[in-house]
Amino acid sequence: MYIPHSEEETQKILKFLGLSSLEDLFSHIDSFLLSEPKLPRGKSEEELRRYFKDVSSQNKSLVCFAGFGAYDRIVPSVIWQILNRGEFLTAYTPYQSEASQGTLQAIFEYQSLMCELTGMDVANAGVYDGGSALAEAILMARAIRGEGFRVVLSEGIHPYYREVVKTYLMGYKDEIILSSLEERGYTDLNRLEDFVKDGKAHALAVQYPNFLGFVEPLEEIAWVSKRYEVPLVVVCDPVALALLKPPGELGADIVVGEGQQMGIPLNFGGPYAGFFCTKMEYVRKMPGRLVGMAEDVEGKRAFTLVLQTREQHIRRERATSNICTNQNLMALANLLYMVLLGKEGIKEVAVQSLSKAIYFKERLLELGLKEVYTGKHLWEFPLRGMKVKELYEKALKAGFLFGVPLESFGYADTLLIAVTEKRTKEEMDRLVEALA
């Protein structure tokens, strides 16, 4: 063990803290956690292999009808074959001096396709996840507006994303207001306008579709934001944009979201990759990395990091954010997904998900479950019933993950159900029979 402080320095620190020993420093920790762990004897490589094989055999594979921000979609095998190549699979995102032209070009292509998908002018190299992308967008909107102390968030934004925003804004002491949903499951436009018309708001954020699956009237929301000159941040589902009008065409100032659906399998919560797009006029206020295309001294095409105001090195006193890296490998998965499927392929994924969701919802309504809202949704929707807890448990025993219970989010006796292109009619019929 290496202890950097001398005994004299240690005693000086303890005296300053009003403690008599190092043990007192850790007295608030349960003694059980400080005691010597009772570990079993060491195992050989073969014994470990057998042990973990036995443990893994106890895992139960469930047919997934849950979403809530993470979706069980088909991932083409070639994506992870490419990602596992040594050229891409690195321990950490390389800095400019270490980045190969191949890595930079891949990021540039990713940025280009994200712009095409969202209808925006410029995209960065990605951020950590959807939640941090939204929080960074709120801070960027704050810089764009230059005044105001209020952030207006639709209640249709994912509850976890809203918590991330609260954490980010804790030091700013901004007022955060939640704008409620109306009977169709859309953000109430009248309430929304009430919160921004006094000029005190510096950001307005909605989700498209919202976390309950309903397609917000984005064009009308954008009209409100433009009328009162409040930057509009849109959290969107990238696969849904194959069917819906891109937020950039409807008036969004900043578009963010989670890229998990595009080539990243479910994996105990991560790693995922947030995407971040905006208008060209705001590019200097955008956080994160940005790869641009230029020419080298020989006049050949070259890729490089551009507009770098990053907290770690160049012009760090002007840094727009403390995000100084990106989820490069996950962003590459998103790129490969978009390239392999193309426009028509992603649209087919969306169409299949929607048509299967309509079929499954009709079967569930026949069981006596009720709709919570009356608006238009895509492949995710909430249903309510007096016995949803029993149904959820019954489905688990039958091998199905039947949605996400929403009781802790203010929706009693409600399940949020998601259907992707991966689900089959046979699986849906089997679950309905088990519940019936």
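Derivation of every value follows stated rules applied to the coordinates shown; laboratory data play no part. Bear in mind the structure is a predicted one, so any value in this text is a computation, not a measurement. Glycine also receives a Cβ, built like all others from the backbone with ideal geometry; neighbour counts cover every protein chain displayed.
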Expected unfolding gain across residue 297-residue 434 under the 0.36 nm per residue rule, minus the alpha-carbon gap, is 42.5 nm
So, relative contact order of the chain in percent, Cα under 8 Å, 6 or more apart, is 21
Rounded, prolate or oblate, given the Cα gyration tensor of the chain, with a/c below 1.5 counting as rounded? rounded
Each residue of the stretch 58-66 in order: what ³J(HN,Hα) in whole Hz does its phi give by Karplus 6.51 cos²θ - 1.76 cosθ + 1.60, θ = phi - 60°, with x for Gly and Pro? 7, 5, 10, 7, 9, 6, 9, 10, 9
Report ³J(HN,Hα) in whole Hz for each residue of the stretch 34-41, in order, from the Karplus equation J = 6.51 cos²θ - 1.76 cosθ + 1.60 where θ = phi - 60°; Gly and Pro get x. 8, 6, 5, x, 9, 8, x, 4
Listed here are the pairs 38/60; 12/173; 370/425; 347/425; 173/387; which of them are more than 31 Å apart at the Cα? 12/173; 173/387
Taking H as built 1.01 Å from N, whose amide H comes closer than 5 Å to the amide H of residue 401, not counting residues under 5 places away? 63, 64, 65
Descending Cα extents along the principal axes, the stretch 1-85, whole Å: 61, 37, 31
Computed over the stretch 77-337: relative contact order in percent, which uses C-alpha pairs under 8 Å that are six or more apart: 27
D for the stretch 356-396, whole µm²/s, Stokes-Einstein with Kirkwood Rh over alpha-carbon pairs at 37 °C and 0.692 mPa s: what number? 299
Round to a whole angstrom and tell me the spacing of the C-alpha centers of the stretch 357-379 and the stretch 384-415. 14
Across 37, 287, 238, the residue with the highest GNM fluctuation in the chain (Cα network, 10 Å cutoff) is 37
Shape category assigned to the stretch 103-183 from the gyration tensor of Cα positions, a/c cut at 1.5: prolate
For the stretch 227-233, in order, what is each residue's ³J(HN,Hα) by Karplus, 6.51 cos²θ - 1.76 cosθ + 1.60 with θ = phi - 60°, in whole Hz (x at glycine and Pro)? 4, 10, 6, 10, x, 9, 9
Amide hydrogen neighbours beyond the local backbone of residue 275, cut-off 5 Å, H modeled: 127, 257, 258, 259
Would you pull out the residues with amide H under 5 Å of residue 176's amide H, same chain only if 5 or more places away, H placed 1.01 Å from N? 151
Rg over Rh [alpha-carbon atoms, Kirkwood Rh] for the stretch 77-337: 0.97
Diffusion coefficient in µm²/s returned for the stretch 209-290 by Stokes-Einstein, Kirkwood Rh over C-alpha pairs, 37 °C and 0.692 mPa s, is 234
For the stretch 1-79 and the stretch 207-225, distance of Cα centres in Å: 42
Got a sec? Charge dipole of the chain, +1 on Cβ for Lys and Arg, -1 for Asp and Glu; which of 171, 65, 214 is way out at the positive end? 65
Residue pairs, from the table 197/245; 376/422; 166/279; 226/422, whose Cα atoms sit over 28 Å apart: 226/422
Going by a ≥ b ≥ c, the root eigenvalues of the Cα gyration tensor, does the stretch 58-194 fall in the rounded group (a/c under 1.5), the prolate group (a/b larger than b/c) or the oblate group? oblate
